[in-house]
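One structure is given here, and the rest of the page talks about it.
We did not get these values from a lab; they are worked out from the coordinates using the rules stated. Quick caveat, the model's predicted, so the values are computed rather than measured. Note: ideal-geometry Cβ built from the backbone for every residue, glycine included; neighbour counts use all protein chains shown.
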Amino acid sequence: MKIITVKGYKKTGKTTTVTRIIAELTRRGYSVGSSKDTHFEGFAMDQENTDSWRHAKAGASTVIISGPKETDVLYQRRIEVRDLLDLFTEDFVVTEGDTGLPLANIVTGKTTEDLDKRRDENTIGFSGIIAGEMTEYDGLPVIDATRDVEALVDLIEERSTER
């Protein structure tokens with residue numbers, strides 16, 4: 001399994017970049033899993049007064065809901081990304097948000113200051129809004145996922161983290 005993280009500040013093109021990467025990897029015949037880290041305090045997948053919500057409220061620490069088109073697993077605790085990665089069996093996993101793990105990553109930004117603040121020793125390139133202004137920054141490629149996702153995925157195939 002190969003892993004790539006897309007990280008950056010809010011409204012810099014992270015989700016657009018992630019969805020384009022997923023679509024292109026899928027088009028190339030890979031199976032793809034994804035993970036998104038959110039810091040929104042009010043986030044909850046389950047809705048109040050549903051049967052699964054009632055199961056959790058009654059004390060179930062894990063609730064599995066199987067429907068005709070999907071199966072959802074609800075854990076009543078936060079699971080760290082390093083542990084979540086063990087659940088994936090796909091060829092590629094694309095994570096959105098800073099995992100805090102030493103994984104190959106693409107940083108999105110509006111300005112070079114954004115890029116500088118979010119990049120680390122595992123950054124393999126840049127994308128997002130700033131990609132409309134430049135093609136290279138500080139020796140790394142800047143690739144617009146909306147115009148040249150093929151080049152971005154070529155880079156990811158070559159340099160993503162192998163697990």
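Mind jotting down the distance between the C-alpha centroids of segment 52-93 and segment 10-35, whole Å?
Going from one Cα centre to the other spans 21 Å.
If the elastic network links every pair of Cα atoms under 10 Å, which of Glu48, Glu90, Glu70 fluctuates the most in the Gaussian network model of the chain?
Glu70
By how many nm would the segment from Asn122 to Leu87 grow when fully extended, if each residue of separation counts as 0.36 nm and the alpha-carbon distance is taken off? Mind dumping the intermediate values first?
Details: separation 35, 0.36 × 35 = 12.60 nm, distance 2.30 nm.
Gain in length upon complete extension: 10.3 nm.
Out of all DSSP beta bridges in the chain, what portion is antiparallel? Express it as a percent rounded to 5.
On the way: 9 of 28 bridges.
The answer is about 30 percent antiparallel.
What is the calculated FRET efficiency for Thr26 to Arg77, with r their C-beta to C-beta distance and R₀ = 30 Å, to the nearest 0.05? Before the final figure, lay out each step's value.
Details: r = 31 Å, r/R0 = 1.02.
Efficiency at R0 = 30 Å is approximately 0.45.
Which semi-axis lengths, in whole Å and largest first, follow from the square roots of five times the eigenvalues of the Cα gyration tensor of segment 67-122? Mind dumping the intermediate values first?
Values: eigenvalues 168, 34, 31 Å².
So the three semi-axes of segment 67-122 are 29, 13, 12 Å.
Subtracting the Cα-Cα distance from 0.36 nm times the residue separation, let me have the gained length for Thr111 to Glu162 in nm, one decimal. Working shown, then result.
Details: separation 51, 0.36 × 51 = 18.36 nm, distance 2.97 nm.
The span from Thr111 to Glu162 would gain 15.4 nm if fully extended.
Put +1 on the Cβ of each Lys and Arg and -1 on the Cβ of each Asp and Glu in the chain; which of Gly125, Gly13, Thr112 then has its Cα farthest toward the positive end of the dipole?
Checked the options; the winner is Gly13.
What's the FRET efficiency of Ala60 with Lys10 using the Cβ-Cβ distance as r and R₀ = 25 Å, to the nearest 0.05?
According to the calculation, E is roughly 0.15.
Going through the cross-link list Lys7/Lys69; Lys2/Lys110; Lys57/Lys117, which pairs have a Cα-Cα distance over 32 Å in this structure?
Pairs exceeding 32 Å: Lys57/Lys117.
May I ask you to order 144-150, 25-31 by the average number of other C-beta atoms within 10 Å around their residues, highest value first?
144-150, 25-31
Over all directions, what mean area does the Cα convex hull of the chain project, stated in square nanometres? Walk me through the numbers before you get to the answer.
Details: hull surface 42.3 nm².
Mean shadow area of the hull around the Cα atoms is 10.6 nm².
Give the cross-link partners of Lys10 among the aspartates and glutamates, using a straight C-alpha distance below 20 Å as the criterion and excluding same-chain residues fewer than 8 apart.
Qualifying aspartates and glutamates at Cα under 20 Å: Asp37, Glu41, Glu96, Asp98, Glu113, Asp114, Asp116, Asp120, Glu133, Asp144.
What is the sum of charges around Lys10, taking Lys and Arg as +1, Asp and Glu as -1, for the other residues whose C-beta is under 14 Å from the C-beta of Lys10?
Numbers: positive: Lys7, Lys11, Lys14, Lys36, Lys110, Lys117, Arg118; negative: Asp37, Glu96, Asp98, Asp114.
Local charge sum for Lys10: +3.
Relative to the Cα centre, what is the charge dipole magnitude of the chain, using +1 at the beta carbon of each Lys and Arg, -1 at the beta carbon of each Asp and Glu, and rounding to the nearest 20 debye?
Working: 22 positive and 30 negative charges, 93 e Å.
Roughly 440 debye, rounded to the nearest 20.
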